[in-house]
Amino acid sequence: GQLPTWLQGILLRNGPGMHTIGDTKYNHWFDGLALLHSFTFKNGEVYYRSKYLRSDTYNCNVEANRIVVSEFGTMAYPDPCKNIFAKAFCYLSHTIPEFTDNCLINIMKAGDDFYATSETNFIRKINPRTLDTLDKVDYNKYVAVNVTTSHPHYDSAGNILNMGTSIVDKGKTKYVLFKIPSSVPEQEKKKSCFKHMEVVCSIPSRSLLHPSYYHSFGITENYIIFIEQPFRLDIVKMATAYIRGVSWASCLAFSKDDKTWFHFVDRKTKKEVSTKFYTDAMVFFHHVNAYEEDGHIVFDIIAYTDNSLYDMFYLKNMNKDFEENTKLTSIPTCKRFVVPLQFDKDAGVGSNLVTLPSTATAVKEKDGNIYCQPEILCEGIELPRINYDYNAKKHKYIFATEVKWSPVPTKIAKFNTQTKEMLHWGGEDCWPSEPIFIPSPDAKEEDDGVVLSCVVRTDPQKAPFLLVLDAKTFTELGRAIVDVEMHLDLHGMFIPEQDLKTETE
């Protein structure tokens, strides 16, 4: 095929790549050692490169020739002869565990630099051209967080907004929103932007010992959206997981009879909206987008009715019949919530306060809380992306992988939120990755541009490839076939050529 001449830059992707070290195996697919790979677009040609992230975790494991650093689904023990003294000693040093720096989920841009990220307090700087691993950054040195999301937001000035959970503070568990500036003052050029990190605000956890798990959050022009779901981490269990010989993942539990609470923080005043909004119990990982309209906050998420998704990716379940045998017990559903921030305070109990044209409702209850029910936009999509120029603004299109009842993506989809139409791309034996939208330089419309996806083949005789689609029509423009084994990745970003430092820098 033919690639657009304007497509110049690097598609950088991250995901678990190594699951066996010596005679030891990780329990879970999400635990594997991070493998970065990139596709560099230069004058109509594509160059492929992949490299393991040389994290401290990677180095320790490879040196010992077995897993010695614990991951979320795999608890590791430094000494194979786990006698009672060793266990007691390690137990004392593991109360709040030293987390892994195996940053395998996403890529983040901070100033002119790029970082591999996961959900612990560590991120690793990388060179996007060579994929070399550089500095290790510990968020905890600048802001008290033990876990963070791997889906930060960027404001119009390039500053990063992200969230983390602070567990340590004398049982005062809270969710902390922090900001990393995109640049530092001229006189402090030697310092990193992390030294100028600031806490924007914090939200106390409804339960001090059971904070909510979250993978992303939402943002509009004036508000931060944080969803506190009843999928929670048990801190006491987590602190004793090591001595009990269980993984941290076993300390997560979903309470299907509880409520899911919505928190809205005003970005200017840094205060939370006092009205309490909630919906039914759900589990979700990905926000799609959010925006404000006529006194309402509208936000789209991909939600499940249970937490079975994580369990499916235990490696014991991932055999050759994985696709046939593994069925989701809850289909991912794209839900649109419409939350009225300005409403008639004299409205009667039981009245729907949503005045936008939508089937979503927000019903006032006797205690003053407001119960929200979503509009269902579509089903069976995951790993949603938008044209990021429309982040926090009203969007029309969602690009996503299509999963139906199996957790493995078989197609990619473009969904029109207004007409509910869906376009698909799929191929025999193809497992495509999260689709990334790149706008064309002279874009007039939201879907002017291309969509990129890394496609892994289930037939070992067929080579994997990078797919380039016209984002408007969803027709294939070209593919770059890669003559190596390619891993199934998670998330990543496209870095335009002008955002890459020159080689000498």
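The values are calculated or read from the model by the stated rules, or taken from the named source; none is laboratory data. This structure is a prediction, so every number in the text was calculated from the model and none was measured. As a convention, Cβ positions derive from the backbone with ideal geometry for all residues, glycine included, and neighbour counts pool all protein chains shown. SASA here: full protein model, heavy atoms, side chains in, ligands and nucleic acids out. Shrake-Rupley method; radii C 1.70, N 1.55, O 1.52, S 1.80 Å.
A few notes on this one:
- Sites listed here are trypsin sites (Lys or Arg not before Pro) in the range 243-273 whose DSSP assignment is loop and whose Cβ has at most 14 other Cβ atoms within 10 Å: LYS256, LYS268, LYS270, LYS271.
- Across the chain, C-alpha contacts under 8 Å between residues 6 or more apart give a mean separation that, scaled by the residue count, equals a relative contact order of 12 percent.
- Number of Lys pairs (Cα under 25 Å; 8 or more positions apart or on different chains) in the range 389-505: 26
- Put simply, the amide H of ASN289, placed in the peptide plane, has neighbours under 5 Å in ASP300, leaving out anything fewer than 5 places away on its chain.
- Counting only Cα atoms, the chain measures 67, 63, 60 Å along its principal axes, largest extent leading.
- Of the residues LEU328, PHE41, ALA281, the one whose Cα sits farthest towards the positive end of the charge dipole of the chain is ALA281 (charges of +1 on Lys and Arg Cβ, -1 on Asp and Glu Cβ, taken about the Cα centre).
- The phi torsions of the range 6-19, fed into the Karplus equation with coefficients 6.51, -1.76 and 1.60 and a -60° offset, translate into couplings of 6, 6, 10, x, 10, 8, 10, 10, 9, x, x, x, 10, 10 Hz, rounded to whole numbers, with Gly and Pro shown as x.
- The residues of the chain have, on average, 44 Å² of accessible surface per residue, using a 1.4 Å probe with all protein chains present.
- Applying the Karplus relation 6.51 cos²θ - 1.76 cosθ + 1.60 with θ = phi - 60° to the range 128-137 yields 3J(HN,Hα) values of x, 7, 9, 6, 5, 8, 10, 5, 9, 10 Hz, where x marks Gly and Pro.
- What the phi angles of the range 439-450 give under the Karplus curve with 6.51, -1.76 and 1.60, with θ = phi - 60°, is a coupling list of x, 6, x, 9, 4, 9, 10, 4, 10, 7, x, 10 Hz, glycine and proline written as x.
- Amide H contacts for TRP6 (H built 1.01 Å from N in the peptide plane; partners 5 or more residues away or on another chain; cut-off under 5 Å): none found.
- In a simple Cβ point-charge model (Lys, Arg +1; Asp, Glu -1; nothing else charged), the range 9-499 has a dipole of about 1220 debye relative to its Cα centre.
- Carbon and sulfur %, accessible surface of the chain computed with the full protein complex present, 1.4 Å: 51 percent
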